[in-house]
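The values are calculated or read from the model by the stated rules, or taken from the named source; none is laboratory data. Keep in mind that what you see is a predicted model, and the values were worked out from it rather than measured. Quick reminder, even Gly has a Cβ in these numbers, built from the backbone with ideal geometry, and neighbours come from all protein chains shown.
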């Protein structure tokens, strides 16, 4: 759905064609920003991401998922409005989830913004800047990530109606991208130097059901495996209640598929899971984890939980704490419940204080820190394939196949013995471990 811009005309004749795109929120937003950036680049704009200094044209891709994300988006917008009042920014455009969700409020309360657009309005932004939108370019992106890894968004929207989540209201129903289109996108990125593809969606496991009447995630993986230049394929956001077990066989049989699964569980108590509309139970979750660990014994499991959801008594919280301690997840994130309007949970009483929510979150993250330290210590002396992402004065900084960028552990590789290339793979022997980081040296095998 297109929302009208606040201004119908714009004089760009005296404005330098330099654009700063600020992308907030999740990696799905990152992909949207990169697609928009390519369109603008092909119209002779110079586009950068997250510039430290303000440029004549600023475009903010907002997040409207939970309270913290909304506050961050508003803070960035206000900062740019201040810069505009000082003459540092000439044109300010806001788009994405926050506006899709609060279009009337933002348009009324932020008159300094030149134009607003919804989540599916990249063509509107391009046209507003008096440029030409080309649908043939939708397969192309100007990457904001390091050139050796990139996200591949395989679908849009979500059909699940989790009680705490506003995403279906913002992004709409689940729409899979055709398999051929995804292969084409991946091939283009591989030709441009991408070595690691990170598959993302609101729910990877539903992929293809709307187009092909059955899950096609396994078929997609097998097709991507044929791209010679791609070394790693990583899976994010696998919904537990519809998890297709056949992808475990693909993972086991192909070294290119990282032995890594991001499986957001959100809780373990049956009453909370039912209220959350997660369509699963503790028994089913335990069975799935057992199956994954039996079929792919060395797979790293990442998950996330919500604490402070309405009805989460101290007893129920302790059940979650005990479950995390028992299972020993390799990677774990914890979020405090955010009471979001127009969600099913908004009708429930949000009786748990912010202080208590934060306390529960801190306790679980401290527990995970101990679990992670134990697991990392066991890696000392082992050799892992490491992808180098960046460097500092003393170390190259990379990741194993068990770690996703931005959210997981890092491997610090000593610069003393060998020169490493950014984007290169190296065999690294682990010599030291901390709770969330490893240290090592390159070795020859």
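Select from segment 287-312 the residues that are touching a strand residue (DSSP E or B) at 6+ places or on another chain (Cβ under 7 Å) and part of a loop (DSSP other than H, G, I, E, B) and write down the one among them that is surrounded by the most Cβ atoms within 10 Å (Cβ to Cβ). Looking at the filtered set, the residue picked out is 308.
Of the helices (runs of 4 or more DSSP H) lying entirely inside segment 58-165, those carrying at least 2 residues that are under 18 Å from residue 342 (Cβ atoms) and modelled with pLDDT under 95 are 67-85, 97-101, 103-109.
Inside segment 263-286, residues that are outside any loop (DSSP other than H, G, I, E, B) and either touching a strand residue (DSSP E or B) at 6+ places or on another chain (Cβ under 8 Å) or surrounded by 18 or more Cβ atoms within 10 Å (Cβ to Cβ) (or both) make up a count of 5. Taken as a whole, segment 33-55 holds no residue that is outside the structural domain of residue 154 (by TED's automatic domain parsing) and within 21 Å of residue 340 (Cα to Cα). Annotation: residue 158 fulfils all but one of (1) out of contact with any strand residue (DSSP E or B) (no Cβ under 8 Å at 6 or more places or on another chain); (2) without any contact (Cβ under 8 Å) to a residue 60 or more places away in the chain; (3) assigned by TED's automatic domain parsing to the domain that holds residue 225; (4) surrounded by fewer than 21 Cβ atoms within 10 Å (Cβ to Cβ); the unmet one is (4). Go through 422, 445 for me and flag whichever is under 27 Å from residue 197 (Cβ atoms), in a loop (DSSP other than H, G, I, E, B), at pLDDT below 95 and in contact with a strand residue (DSSP E or B) (Cβ under 6 Å, 6 or more places away or on another chain). Sole residue among the options that is under 27 Å from residue 197 (Cβ atoms), in a loop (DSSP other than H, G, I, E, B), at pLDDT below 95 and in contact with a strand residue (DSSP E or B) (Cβ under 6 Å, 6 or more places away or on another chain): 445. Taking the numbered list (1) farther than 30 Å from residue 327 by Cβ; (2) surrounded by fewer than 15 Cβ atoms within 10 Å (Cβ to Cβ); (3) modelled with pLDDT of 95 or more in turn, residue 416 passes all entries but (3). The residues of segment 221-239 that are over 17 Å from residue 148 (Cα atoms) and either outside the structural domain of residue 185 (by TED's automatic domain parsing) or touching a helix residue (DSSP H, G or I) at 6+ places or on another chain (Cβ under 6 Å) (or both), listed by number, are 221, 223, 237, 238, 239.
Table: residues versus (1) more than 20 Å from residue 326 (Cβ to Cβ); (2) in contact (Cβ under 8 Å) with a residue 40 or more places away in the chain.
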{"position": "214", "(1), (2)": "yes, no"}
{"position": "229", "(1), (2)": "yes, no"}
{"position": "242", "(1), (2)": "yes, no"}
{"position": "245", "(1), (2)": "yes, yes"}
{"position": "253", "(1), (2)": "yes, no"}
{"position": "259", "(1), (2)": "yes, yes"}
{"position": "273", "(1), (2)": "no, no"}
{"position": "285", "(1), (2)": "no, yes"}
{"position": "298", "(1), (2)": "no, no"}
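Criterion first (in contact (Cβ under 8 Å) with a residue 40 or more places away in the chain and surrounded by 21 or more Cβ atoms within 10 Å (Cβ to Cβ)) does residue 387 satisfy it? Here the answer is yes, as residue 387 does meet what is asked. Only residues that are touching a helix residue (DSSP H, G or I) at 6+ places or on another chain (Cβ under 7 Å), part of a helix (DSSP H, G or I) and surrounded by fewer than 16 Cβ atoms within 10 Å (Cβ to Cβ) were counted in segment 313-362, giving 1.
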